[in-house]
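Asks: Before we start, here is the structure in question, set down as C-alpha coordinates.
The values are calculated or read from the model by the stated rules, or taken from the named source; none is laboratory data. Bear in mind that the values here come from a model prediction, so they are computed numbers and not experimental data. Please note: Cβ atoms are built from the backbone with ideal geometry, for glycine as well, and neighbour counts cover all protein chains shown.
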Amino acid sequence: MRTYFYCLAAICSALIGWNIGQVVLSDLDQLTTIPEVVLFPCLAASLAVGIVTNEIFISNPTRPKLNLRILKGCILIALGLGLGIGLIAGGLVQILFNPSFDISSTIIRVLGWLVIGIAVGLAEGISWRWRSVEAGNRSRFRKRVITSLLGASIASILAALLFEGLRSQIGEMSNWMKDIEDPVGFSILGLLLGLTFSQTNSPSYLAALRAGGGFERRKAANSVDAKWARENSVIVYPCIKRTSKLEFVSRGKDAVQSRDEVSIQTRLSEEKGDLIEEGLSIQLPNSGTIKIGSAPMIPDIHLPGVPLHAADVEIYPRHVILDPTPRAYRTIEVNGYFLKSEERIKLKHNSVITFHTTDNKKTHAKKLYRMVYYNRFLDPQS
(Lines give C-alpha, C1' and ligand atoms only; values in the text may rest on other atoms or scores of the structure.)
Protein backbone atom coordinates (compact mmCIF):
# COMPACT_ATOMS: atom_id res chain seq x y z
CA MET A 1 0.00 0.00 0.00
CA ARG A 2 2.84 2.38 0.82
CA THR A 3 4.46 1.72 -2.56
CA TYR A 4 1.12 2.24 -4.30
CA PHE A 5 0.64 5.68 -2.73
CA TYR A 6 4.20 6.71 -3.57
CA CYS A 7 3.83 5.72 -7.21
CA LEU A 8 0.39 7.30 -7.55
CA ALA A 9 1.55 10.57 -5.97
CA ALA A 10 4.67 10.75 -8.12
CA ILE A 11 2.86 9.99 -11.39
CA CYS A 12 0.13 12.54 -10.64
CA SER A 13 2.74 15.14 -9.68
CA ALA A 14 4.65 14.57 -12.92
CA LEU A 15 1.50 14.97 -15.01
CA ILE A 16 0.44 18.06 -13.06
CA GLY A 17 3.86 19.62 -13.64
CA TRP A 18 3.69 18.82 -17.35
CA ASN A 19 0.20 20.35 -17.65
CA ILE A 20 1.26 23.50 -15.81
CA GLY A 21 4.17 23.82 -18.21
CA GLN A 22 1.82 23.45 -21.18
CA VAL A 23 -0.45 26.18 -19.83
CA VAL A 24 2.51 28.54 -19.40
CA LEU A 25 3.78 27.80 -22.91
CA SER A 26 0.33 28.37 -24.41
CA ASP A 27 0.06 31.75 -22.67
CA LEU A 28 3.60 32.87 -23.50
CA ASP A 29 4.17 32.19 -27.17
CA GLN A 30 7.68 33.64 -27.05
CA LEU A 31 8.80 30.73 -24.87
CA THR A 32 7.70 28.01 -27.28
CA THR A 33 11.15 28.06 -28.86
CA ILE A 34 12.71 27.06 -25.52
CA PRO A 35 10.10 24.69 -24.02
CA GLU A 36 12.53 22.86 -21.71
CA VAL A 37 13.21 26.10 -19.80
CA VAL A 38 9.52 26.11 -18.85
CA LEU A 39 8.72 22.40 -18.62
CA PHE A 40 11.70 21.28 -16.54
CA PRO A 41 11.20 23.76 -13.63
CA CYS A 42 7.45 23.00 -13.55
CA LEU A 43 8.09 19.26 -13.62
CA ALA A 44 10.85 19.30 -10.98
CA ALA A 45 8.90 21.57 -8.62
CA SER A 46 5.69 19.56 -8.97
CA LEU A 47 7.48 16.25 -8.38
CA ALA A 48 9.37 17.61 -5.37
CA VAL A 49 6.23 19.05 -3.76
CA GLY A 50 4.15 15.95 -4.50
CA ILE A 51 6.67 13.45 -3.14
CA VAL A 52 7.41 15.51 -0.02
CA THR A 53 3.68 15.99 0.68
CA ASN A 54 3.02 12.29 0.20
CA GLU A 55 5.89 11.37 2.54
CA ILE A 56 4.58 13.66 5.28
CA PHE A 57 1.01 12.38 5.21
CA ILE A 58 1.76 8.70 4.65
CA SER A 59 4.28 8.67 7.52
CA ASN A 60 1.81 10.22 9.96
CA PRO A 61 -1.74 9.65 8.70
CA THR A 62 -3.50 10.33 12.02
CA ARG A 63 -2.19 13.88 12.59
CA PRO A 64 -3.44 16.07 9.72
CA LYS A 65 -3.08 19.35 11.64
CA LEU A 66 0.53 18.60 12.55
CA ASN A 67 1.19 17.54 8.97
CA LEU A 68 -0.16 20.83 7.62
CA ARG A 69 2.10 22.81 9.96
CA ILE A 70 5.15 20.86 8.87
CA LEU A 71 4.09 21.00 5.23
CA LYS A 72 4.31 24.79 4.94
CA GLY A 73 8.07 25.00 5.34
CA CYS A 74 8.72 21.82 3.37
CA ILE A 75 6.73 23.06 0.38
CA LEU A 76 8.79 26.25 0.25
CA ILE A 77 12.00 24.21 0.22
CA ALA A 78 10.66 21.81 -2.42
CA LEU A 79 9.40 24.65 -4.60
CA GLY A 80 12.62 26.60 -4.33
CA LEU A 81 14.89 23.69 -5.13
CA GLY A 82 12.59 22.32 -7.81
CA LEU A 83 12.20 25.61 -9.65
CA GLY A 84 15.84 26.63 -9.26
CA ILE A 85 17.50 23.38 -10.26
CA GLY A 86 14.80 22.66 -12.84
CA LEU A 87 15.55 26.02 -14.48
CA ILE A 88 19.23 25.10 -14.55
CA ALA A 89 18.35 21.76 -16.18
CA GLY A 90 16.17 23.43 -18.79
CA GLY A 91 18.78 26.04 -19.59
CA LEU A 92 21.51 23.42 -19.81
CA VAL A 93 19.45 21.35 -22.24
CA GLN A 94 18.72 24.37 -24.42
CA ILE A 95 22.39 25.30 -24.53
CA LEU A 96 23.51 21.77 -25.39
CA PHE A 97 20.93 21.56 -28.16
CA ASN A 98 22.96 24.20 -29.98
CA PRO A 99 24.22 22.56 -33.20
CA SER A 100 27.74 23.86 -32.56
CA PHE A 101 28.15 21.35 -29.68
CA ASP A 102 27.23 18.39 -31.92
CA ILE A 103 25.88 16.32 -28.98
CA SER A 104 23.32 13.57 -29.42
CA SER A 105 19.82 14.67 -28.45
CA THR A 106 19.39 11.43 -26.51
CA ILE A 107 22.37 12.22 -24.29
CA ILE A 108 21.09 15.75 -23.75
CA ARG A 109 17.64 14.58 -22.67
CA VAL A 110 19.09 11.94 -20.34
CA LEU A 111 21.29 14.62 -18.77
CA GLY A 112 18.29 16.93 -18.37
CA TRP A 113 16.25 14.25 -16.65
CA LEU A 114 19.18 13.46 -14.41
CA VAL A 115 19.25 17.06 -13.20
CA ILE A 116 15.50 16.86 -12.54
CA GLY A 117 16.11 13.75 -10.42
CA ILE A 118 18.83 15.60 -8.51
CA ALA A 119 16.40 18.43 -7.79
CA VAL A 120 13.74 16.05 -6.48
CA GLY A 121 16.25 14.06 -4.42
CA LEU A 122 17.71 17.17 -2.82
CA ALA A 123 14.27 18.58 -2.05
CA GLU A 124 13.18 15.32 -0.40
CA GLY A 125 16.39 14.87 1.55
CA ILE A 126 16.86 18.44 2.75
CA SER A 127 13.20 18.99 3.67
CA TRP A 128 13.44 15.90 5.90
CA ARG A 129 15.28 18.14 8.35
CA TRP A 130 11.96 19.85 9.08
CA ARG A 131 9.86 16.68 9.01
CA SER A 132 11.58 14.56 11.63
CA VAL A 133 13.56 15.18 14.79
CA GLU A 134 15.66 12.17 13.80
CA ALA A 135 17.34 14.53 11.33
CA GLY A 136 18.91 16.27 14.31
CA ASN A 137 21.47 13.49 14.16
CA ARG A 138 23.94 14.77 11.57
CA SER A 139 25.06 11.36 10.38
CA ARG A 140 21.47 10.24 9.78
CA PHE A 141 20.59 13.49 8.06
CA ARG A 142 23.63 13.22 5.82
CA LYS A 143 22.79 9.60 5.02
CA ARG A 144 19.20 10.52 4.20
CA VAL A 145 20.24 13.30 1.81
CA ILE A 146 22.80 11.09 0.06
CA THR A 147 20.35 8.19 -0.21
CA SER A 148 17.59 10.38 -1.63
CA LEU A 149 19.98 12.06 -4.06
CA LEU A 150 21.48 8.82 -5.36
CA GLY A 151 18.13 7.04 -5.54
CA ALA A 152 16.44 9.86 -7.45
CA SER A 153 19.42 10.24 -9.80
CA ILE A 154 19.47 6.54 -10.69
CA ALA A 155 15.68 6.46 -11.10
CA SER A 156 15.73 9.48 -13.42
CA ILE A 157 18.49 7.99 -15.59
CA LEU A 158 16.61 4.70 -15.89
CA ALA A 159 13.40 6.58 -16.71
CA ALA A 160 15.19 8.61 -19.39
CA LEU A 161 16.66 5.50 -20.99
CA LEU A 162 13.29 3.74 -20.96
CA PHE A 163 11.66 6.81 -22.45
CA GLU A 164 14.24 7.03 -25.22
CA GLY A 165 13.66 3.38 -26.04
CA LEU A 166 9.91 3.93 -26.09
CA ARG A 167 10.34 7.10 -28.11
CA SER A 168 12.24 5.24 -30.79
CA GLN A 169 9.37 2.76 -31.04
CA ILE A 170 6.74 5.50 -31.13
CA GLY A 171 8.61 7.14 -33.98
CA GLU A 172 7.58 4.22 -36.17
CA MET A 173 3.94 4.42 -35.10
CA SER A 174 1.04 6.73 -35.90
CA ASN A 175 1.18 10.48 -35.33
CA TRP A 176 -1.43 10.47 -32.55
CA MET A 177 0.85 8.37 -30.39
CA LYS A 178 3.63 10.91 -30.82
CA ASP A 179 1.36 13.48 -29.21
CA ILE A 180 1.29 11.55 -25.93
CA GLU A 181 4.97 10.64 -25.72
CA ASP A 182 5.78 13.48 -23.29
CA PRO A 183 3.09 12.67 -20.68
CA VAL A 184 3.90 8.97 -21.01
CA GLY A 185 7.60 9.65 -20.54
CA PHE A 186 7.05 11.87 -17.51
CA SER A 187 4.69 9.27 -16.06
CA ILE A 188 7.51 6.75 -16.33
CA LEU A 189 9.77 9.20 -14.51
CA GLY A 190 7.19 9.64 -11.75
CA LEU A 191 6.65 5.90 -11.46
CA LEU A 192 10.33 5.11 -11.01
CA LEU A 193 10.82 7.99 -8.57
CA GLY A 194 7.83 6.77 -6.57
CA LEU A 195 9.17 3.22 -6.48
CA THR A 196 12.58 4.48 -5.42
CA PHE A 197 11.39 6.69 -2.58
CA SER A 198 8.96 4.05 -1.32
CA GLN A 199 12.00 1.85 -0.68
CA THR A 200 14.64 4.38 0.36
CA ASN A 201 12.36 6.43 2.60
CA SER A 202 11.28 3.70 4.96
CA PRO A 203 9.36 4.99 7.98
CA SER A 204 11.62 6.36 10.69
CA TYR A 205 12.36 3.86 13.43
CA LEU A 206 10.93 0.97 11.48
CA ALA A 207 10.95 -1.14 14.65
CA ALA A 208 10.55 0.17 18.19
CA LEU A 209 9.25 -0.85 21.61
CA ARG A 210 7.25 1.72 23.54
CA ALA A 211 7.27 1.39 27.33
CA GLY A 212 3.83 1.19 28.94
CA GLY A 213 2.49 -0.15 32.21
CA GLY A 214 5.10 -1.23 34.73
CA PHE A 215 7.60 1.46 33.73
CA GLU A 216 6.11 4.28 35.80
CA ARG A 217 8.56 6.56 37.61
CA ARG A 218 9.78 5.29 40.95
CA LYS A 219 10.51 7.42 43.97
CA ALA A 220 13.63 6.80 46.02
CA ALA A 221 13.58 3.58 48.01
CA ASN A 222 14.57 3.43 51.70
CA SER A 223 18.21 3.33 52.73
CA VAL A 224 18.10 -0.38 53.66
CA ASP A 225 17.15 -1.40 50.13
CA ALA A 226 19.69 1.03 48.69
CA LYS A 227 22.45 -0.50 50.78
CA TRP A 228 21.41 -4.03 49.77
CA ALA A 229 21.37 -3.09 46.08
CA ARG A 230 24.80 -1.46 46.30
CA GLU A 231 26.39 -4.39 48.15
CA ASN A 232 24.97 -6.95 45.73
CA SER A 233 25.42 -4.85 42.56
CA VAL A 234 21.79 -5.46 41.69
CA ILE A 235 20.00 -3.16 39.32
CA VAL A 236 16.43 -2.77 40.48
CA TYR A 237 15.17 -0.45 37.77
CA PRO A 238 14.39 -1.30 34.13
CA CYS A 239 17.06 -0.06 31.76
CA ILE A 240 18.66 -0.62 28.40
CA LYS A 241 22.27 -1.68 28.04
CA ARG A 242 24.28 1.38 27.09
CA THR A 243 26.83 -0.61 25.10
CA SER A 244 24.14 -2.24 22.94
CA LYS A 245 22.68 -0.84 19.73
CA LEU A 246 19.56 0.32 21.55
CA GLU A 247 18.69 3.93 22.20
CA PHE A 248 15.68 5.96 23.15
CA VAL A 249 13.80 7.73 20.39
CA SER A 250 13.46 10.78 22.61
CA ARG A 251 13.74 11.74 26.24
CA GLY A 252 11.95 14.80 27.46
CA LYS A 253 12.99 17.28 30.16
CA ASP A 254 10.78 15.57 32.72
CA ALA A 255 12.70 12.34 32.30
CA VAL A 256 15.98 14.14 32.85
CA GLN A 257 14.68 15.91 35.96
CA SER A 258 13.40 12.65 37.42
CA ARG A 259 16.96 11.31 37.60
CA ASP A 260 17.70 13.78 40.40
CA GLU A 261 14.93 12.24 42.47
CA VAL A 262 15.75 8.57 42.15
CA SER A 263 17.62 6.50 44.68
CA ILE A 264 21.08 5.01 44.68
CA GLN A 265 19.68 1.98 42.85
CA THR A 266 18.83 4.22 39.92
CA ARG A 267 22.27 5.82 39.84
CA LEU A 268 23.78 2.33 39.97
CA SER A 269 21.70 1.30 36.98
CA GLU A 270 22.72 4.40 35.06
CA GLU A 271 26.32 3.28 35.23
CA LYS A 272 25.45 0.26 33.11
CA GLY A 273 22.41 1.34 31.13
CA ASP A 274 19.73 3.97 30.62
CA LEU A 275 16.50 4.06 32.57
CA ILE A 276 13.33 2.98 30.81
CA GLU A 277 10.36 5.14 31.75
CA GLU A 278 6.72 4.96 30.75
CA GLY A 279 6.08 6.64 27.41
CA LEU A 280 9.62 6.32 26.08
CA SER A 281 10.19 4.42 22.83
CA ILE A 282 13.22 2.20 22.42
CA GLN A 283 14.54 2.27 18.88
CA LEU A 284 15.56 -1.18 17.67
CA PRO A 285 18.44 -1.67 15.21
CA ASN A 286 17.83 -2.65 11.61
CA SER A 287 18.92 -6.21 12.28
CA GLY A 288 20.30 -8.42 15.03
CA THR A 289 19.08 -10.00 18.28
CA ILE A 290 18.00 -8.15 21.43
CA LYS A 291 18.06 -10.09 24.71
CA ILE A 292 15.48 -9.38 27.42
CA GLY A 293 15.83 -10.58 31.00
CA SER A 294 17.18 -9.84 34.48
CA ALA A 295 20.62 -11.45 34.35
CA PRO A 296 23.34 -9.69 36.43
CA MET A 297 25.47 -9.03 33.35
CA ILE A 298 22.58 -6.94 31.99
CA PRO A 299 20.90 -8.11 28.81
CA ASP A 300 20.09 -5.53 26.14
CA ILE A 301 16.81 -4.77 27.93
CA HIS A 302 17.03 -5.34 31.68
CA LEU A 303 13.72 -5.94 33.50
CA PRO A 304 14.19 -6.65 37.23
CA GLY A 305 12.26 -9.63 38.55
CA VAL A 306 11.61 -11.38 35.24
CA PRO A 307 13.49 -14.62 34.42
CA LEU A 308 17.22 -14.21 33.87
CA HIS A 309 16.75 -14.74 30.14
CA ALA A 310 13.09 -14.19 29.31
CA ALA A 311 13.15 -13.84 25.55
CA ASP A 312 15.01 -12.69 22.46
CA VAL A 313 13.75 -10.21 19.92
CA GLU A 314 15.13 -11.12 16.51
CA ILE A 315 15.08 -8.19 14.09
CA TYR A 316 15.01 -8.61 10.34
CA PRO A 317 14.68 -5.96 7.60
CA ARG A 318 10.90 -6.35 7.27
CA HIS A 319 9.73 -8.24 10.35
CA VAL A 320 10.50 -8.96 14.00
CA ILE A 321 10.30 -12.31 15.85
CA LEU A 322 9.74 -12.79 19.57
CA ASP A 323 11.62 -15.91 20.68
CA PRO A 324 10.72 -16.83 24.31
CA THR A 325 13.03 -19.10 26.25
CA PRO A 326 11.70 -22.55 27.29
CA ARG A 327 11.75 -21.73 31.02
CA ALA A 328 10.16 -18.29 30.71
CA TYR A 329 7.43 -18.48 28.09
CA ARG A 330 4.73 -18.96 30.77
CA THR A 331 5.54 -15.51 32.14
CA ILE A 332 5.01 -13.74 28.79
CA GLU A 333 1.78 -12.46 27.29
CA VAL A 334 1.21 -11.30 23.71
CA ASN A 335 -1.93 -9.23 23.14
CA GLY A 336 -3.39 -10.36 26.46
CA TYR A 337 -2.84 -14.11 26.05
CA PHE A 338 -0.19 -16.09 27.90
CA LEU A 339 2.11 -18.08 25.67
CA LYS A 340 1.41 -21.81 25.74
CA SER A 341 4.77 -22.90 24.35
CA GLU A 342 8.21 -21.58 23.48
CA GLU A 343 7.14 -21.26 19.83
CA ARG A 344 8.53 -18.21 18.06
CA ILE A 345 6.00 -15.47 17.33
CA LYS A 346 6.05 -12.94 14.51
CA LEU A 347 5.12 -9.58 15.99
CA LYS A 348 2.70 -7.27 14.23
CA HIS A 349 2.26 -3.52 14.45
CA ASN A 350 0.71 -2.57 17.82
CA SER A 351 1.42 -5.98 19.37
CA VAL A 352 1.34 -5.70 23.17
CA ILE A 353 4.02 -7.72 24.94
CA THR A 354 3.77 -8.23 28.72
CA PHE A 355 6.57 -9.67 30.84
CA HIS A 356 5.44 -10.90 34.28
CA THR A 357 7.85 -11.01 37.19
CA THR A 358 8.49 -13.52 39.92
CA ASP A 359 7.88 -12.61 43.55
CA ASN A 360 11.10 -10.91 44.66
CA LYS A 361 10.52 -8.33 47.37
CA LYS A 362 14.17 -7.39 47.70
CA THR A 363 14.40 -6.04 44.19
CA HIS A 364 11.02 -4.30 44.45
CA ALA A 365 10.21 -5.86 41.10
CA LYS A 366 7.11 -4.74 39.29
CA LYS A 367 4.36 -7.29 38.78
CA LEU A 368 4.61 -6.80 35.04
CA TYR A 369 6.28 -4.79 32.29
CA ARG A 370 4.20 -3.95 29.25
CA MET A 371 5.63 -2.85 25.87
CA VAL A 372 3.98 -2.02 22.57
CA TYR A 373 5.75 -3.02 19.38
CA TYR A 374 5.67 -0.65 16.40
CA ASN A 375 6.95 -1.39 12.92
CA ARG A 376 5.74 1.61 10.93
CA PHE A 377 4.73 5.27 11.14
CA LEU A 378 6.79 5.74 14.31
CA ASP A 379 8.51 9.10 14.20
CA PRO A 380 9.12 11.28 17.28
CA GLN A 381 7.84 14.31 15.35
CA SER A 382 4.47 12.57 15.09
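Asks: Quick check on Asn60: is it without any contact (Cβ under 8 Å) to a residue 12 or more places away in the chain and not β-branched (Val, Ile, Thr)?
Replies: Numbers: without any contact (Cβ under 8 Å) to a residue 12 or more places away in the chain: no; not β-branched (Val, Ile, Thr): yes.
No, not satisfied.
Asks: Hey, could you check region 320-342 for residues that are β-branched (Val, Ile, Thr) and within 20 Å of Gly214 (Cβ to Cβ) and say which is nearest to the chain's Cα centre (by Cα)? Show your work before the answer.
Replies: Narrowing region 320-342 to residues β-branched (Val, Ile, Thr): 320-321, 325, 331-332, 334.
Cutting the leftovers down to within 20 Å of Gly214 (Cβ to Cβ) gives us 325, 331-332, 334.
Working: Thr325: 31, Thr331: 33, Ile332: 30, Val334: 26 Å.
Result: Val334.
Asks: Is it fair to say Ser156 is closer than 19 Å to Val110 by Cα and either at pLDDT below 75 or assigned to a helix (DSSP H, G or I) (or both)? Step through it out loud before you land on a result.
Replies: Values: closer than 19 Å to Val110 by Cα: yes; either at pLDDT below 75 or assigned to a helix (DSSP H, G or I) (or both): yes.
Yes: the conditions hold for Ser156.
Asks: Could I ask something else about it? Does Lys72 count as basic (Lys, Arg), outside any loop (DSSP other than H, G, I, E, B), free of Cβ contacts under 8 Å to residues at least 24 places away in the same chain and farther than 23 Å from Arg144 by Cβ?
Replies: Judged against the criteria, Lys72 is not a match.
Asks: Now for a different question. Taking the stated definitions as given, is Glu55 acidic (Asp, Glu) and closer than 23 Å to Ser148 by Cα? Give the derivation first.
Replies: Details: acidic (Asp, Glu): yes; closer than 23 Å to Ser148 by Cα: yes.
Considered against the rule, which asks whether it is acidic (Asp, Glu) and closer than 23 Å to Ser148 by Cα, Glu55 comes out as yes.
Asks: Hey, another quick one. From Thr106, Thr53, grab the single residue that is buried (at least 17 other Cβ atoms within 10 Å of the Cβ), polar (S, T, N, Q) and part of a helix (DSSP H, G or I). So that I can check it myself, show each step before the final result.
Replies: Details: Thr106 fails: buried (at least 17 other Cβ atoms within 10 Å of the Cβ).
Just one listed residue meets the conditions, Thr53.
Asks: Criterion first (in contact (Cβ under 8 Å) with a residue 12 or more places away in the chain, assigned to a helix (DSSP H, G or I) and in contact with a Ser or Thr (Cβ under 8 Å, 6 or more places away or on another chain)) does Gly86 satisfy it?
Replies: Numbers: in contact (Cβ under 8 Å) with a residue 12 or more places away in the chain: yes; assigned to a helix (DSSP H, G or I): yes; in contact with a Ser or Thr (Cβ under 8 Å, 6 or more places away or on another chain): no.
It is false that Gly86 is in contact (Cβ under 8 Å) with a residue 12 or more places away in the chain, assigned to a helix (DSSP H, G or I) and in contact with a Ser or Thr (Cβ under 8 Å, 6 or more places away or on another chain).
Asks: Also, I was wondering about something else. Among the numbered criteria (1) buried (at least 22 other Cβ atoms within 10 Å of the Cβ); (2) of a type in the set (Ser, Thr, Tyr); (3) modelled with pLDDT under 85, which single criterion is violated by Thr32?
Replies: Checking Thr32 against (1) buried (at least 22 other Cβ atoms within 10 Å of the Cβ); (2) of a type in the set (Ser, Thr, Tyr); (3) modelled with pLDDT under 85, the one that fails is (1).
Asks: Moving on. Consider region 317-336. How many of its residues are surrounded by fewer than 17 Cβ atoms within 10 Å (Cβ to Cβ) and in contact with an Asp or Glu (Cβ under 9 Å, 6 or more places away or on another chain)? Before you say what the answer is, go through the steps one by one.
Replies: First, pick out the residues of region 317-336 that are surrounded by fewer than 17 Cβ atoms within 10 Å (Cβ to Cβ): 317-319, 321, 323, 326-327, 330, 333, 335-336.
Narrowing the set further to residues that are in contact with an Asp or Glu (Cβ under 9 Å, 6 or more places away or on another chain) leaves 321, 323, 326-327.
Adding up the residues that qualify gives 4.
Asks: What number of residues within region 292-345 satisfy the criterion of being farther than 18 Å from Ile282 by Cβ and of a type in the set (Val, Ile, Thr)?
Replies: Selection size over region 292-345: 3.
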